[in-house]
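Only one structure is covered here, and it is reproduced in the block below.
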Amino acid sequence: MASITLNKNHFFNNLDIIAKLTKTKDKIALVLKDNAYGHGLLEIAALAKEYGITKAVVRTNAEAKKIEPFFAYILVLADIAQESSEKIRYTINELPAIEKFAKNTKVELKVDTGMCRNGIRMDELKEAFALCAKQGLTLEAIFTHHSSADEENGYFDLQKRNFQKVKEEGKRLAKEYGIAPLRFHSCNSAALFRTDNFKEDMARVGIAAYGCLALPASISSLHGKHLRPVLSLYADRLSLRRVQKGERVGYGGAFEALFTCDVANYDFGYGDGFLRSCSHNYVTPEGIKIVGRISMDNASFLTNKEHLLIFNDAREAAKYAGTISYEILTALKPYLKRVVV
Ligand SMILES: *Cc1c(COP(=O)(O)O)cnc(C)c1O
């Protein structure tokens, strides 16, 4: 089986850096969706509480319920309230969703400033306030999400300008409806790290806290360079064999030994979250090469090691799979053992 270690020092180091940018720990809303980016929902919630984080963001109501004891504020991005809760806030992702929430539910209005995915349109703001009032919802915040905060293409600035307009109209409407104080937030990790003098009410930070923020050199900030990956993945050897020259390893015999070599097989494969697209070319941080195809529950490496480090920086693993660290991390199944070190 494979197992995961979570480096507490690295996690706290990352939170220190993020808190410098937000200026206070209280403005960090730690994003814990998808099993805390594969790190383990309860493991990360407990560490975050120990550090002094009070806010969290999740996808579902079920996730919110699990972490309720750890935080004072939880924002659910994509679910409907089951029962009212002091701590949990729900996202309005489109106008028709407003009537799905019960009276007095705390909600936050997501506004589409250019990503064209979720959120009401900018010209629907007035109607949204009216509908929330009619439904008796407690509107606490307006937020948006950036499509291109990690890219240098001008789109980030366009959305920033759009959100500025939303803020101005939102403040006017809040006065009209006697809502005070309305809160505003727009930054994910990349947006926070490219913002000087952060002034919003909170930042929704995921990947930077896990130490895998990847920004192009042109927009990378000094702070980003000091983030450290939290998660390392190890696998235990299931069997070891000496493969003779000319023998073939794994499905399709995709690897042919050109010389006699030791091949260790680990009971860890794409079924556990080791992307099959890492087959053939993957090299571990210690320089150990994968051989052949990754199977559902197995992967073989050119080594005899009993305990093998698979990766300690998801960004590096992502390069082999032609993907991003987010996919490498969230692919890791919840049943893998996670140990804080
Ligand atoms: C996932 C998510 C985030 C966190 O993004 P990172 O790039 O991991 O910091 C923030 N806001 C919303 C709405 C999200 O869905």
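The values are calculated or read from the model by the stated rules, or taken from the named source; none is laboratory data. The structure presented is a predicted model; accordingly, all values stated were derived computationally and were not measured. Quick reminder, even Gly has a Cβ in these numbers, built from the backbone with ideal geometry, and neighbours come from all protein chains shown. Surface accessibility is based on the protein's heavy atoms, side chains included, excluding ligands, DNA and RNA. Shrake-Rupley method; radii C 1.70, N 1.55, O 1.52, S 1.80 Å.
Annotation for residue 50 and residue 115: the two label points, set 7 Å from Cα along the Cα-Cβ direction, are 3.1 nm apart.
In whole percent, how big is the carbon plus sulfur part of the accessible area of segment 231-312, probe 1.4 Å, protein atoms only? C and S atoms contribute 46 percent here.
For Cα pairs less than 8 Å apart in space and 6+ apart in sequence, what is the mean separation divided by the residue count of the chain, i.e. the relative contact order in percent? If you can, show how the numbers build up before the last one.
On the way: 738 pairs, mean separation 65.6, N = 341.
Normalised by residue count, the contact order of the chain is 19 percent.
Each residue of segment 138-147 was assigned a 3J(HN,Hα) from its phi angle through the Karplus curve 6.51 cos²θ - 1.76 cosθ + 1.60 (θ = phi - 60°); the sequence is 9, 7, 10, 7, 10, 9, 9, 10, 8, 8 Hz, with glycine and proline shown as x.
If R0 is taken as 56 Å, the Cβ-Cβ distance between residue 341 and residue 151 corresponds to a FRET efficiency of 0.95.
Determine the sum of side-chain charges near residue 120: Lys and Arg each +1, Asp and Glu each -1, restricted to other residues whose C-beta is under 13 angstrom from that of residue 120. Its environment carries a net charge of -3. With Cα atoms as the point set, the radius of gyration and Dmax of the chain evaluate to 22.9, 80 Å. Calculation over all alpha carbon pairs of segment 231-312 in 10 angstrom steps from 0 returns a P(r) of 20, 59, 20, 1 percent. Distance between the modelled labels on residue 26 and residue 307, one decimal in nanometres: 4.3 nm (7 Å Cα→Cβ projection).
Ranking 205, 298, 60 by Cα position along the charge dipole of the chain, where only Lys, Arg, Asp and Glu carry charges on their C-beta atoms, puts 205 farthest toward the positive end. Taking a point 7 Å from the Cα of residue 158 along the Cα-to-Cβ direction, the residues of segment 165-209 with backbone N closer than 20 Å to it are 165-167, 186-188, 190-192, 194-195. Between helix 8-22 and the chain, what is the angle of the helix's C-alpha long axis to the longest principal axis, kept within 0 to 90° and rounded to the nearest 10? Taking Cα atoms only, the helix is inclined about 30 degrees.
With +1 on the Cβ of every Lys and Arg and -1 on the Cβ of every Asp and Glu, and nothing else charged, how large is the dipole of the chain about its Cα centre, in debye rounded to the nearest 20?
Values: 48 positive and 40 negative charges, 78 e Å.
About 380 debye.
Note on segment 72-210: with charges restricted to the Cβ of Lys and Arg (+1) and Asp and Glu (-1), its dipole about the Cα centre is near 340 debye.
In a simple Cβ point-charge model (Lys, Arg +1; Asp, Glu -1; nothing else charged), segment 231-312 has a dipole of about 260 debye relative to its Cα centre.
The listed peptides 73-83, 135-145, ordered by packing as a protection proxy, come out as 135-145, 73-83 (highest mean of other Cβ atoms within 10 Å first). Taking each DSSP H run with n ≥ 4 as -39500 (n - 2.57) and averaging over every residue of the chain yields -7500 deg cm²/dmol at 222 nm. Helix 41-51 and the longest principal axis of the C-alpha atoms of the chain enclose an angle of approximately 70°.
Considering only 283, 253, 222, the residue lying farthest towards the positive end of the dipole of segment 185-296 is 253, judged by Cα position with unit charges set on Cβ. With a simple spin-label model that places each label point 7 Å from the Cα along the Cα-to-Cβ direction, the separation between residue 165 and residue 60 comes to 3.7 nm.
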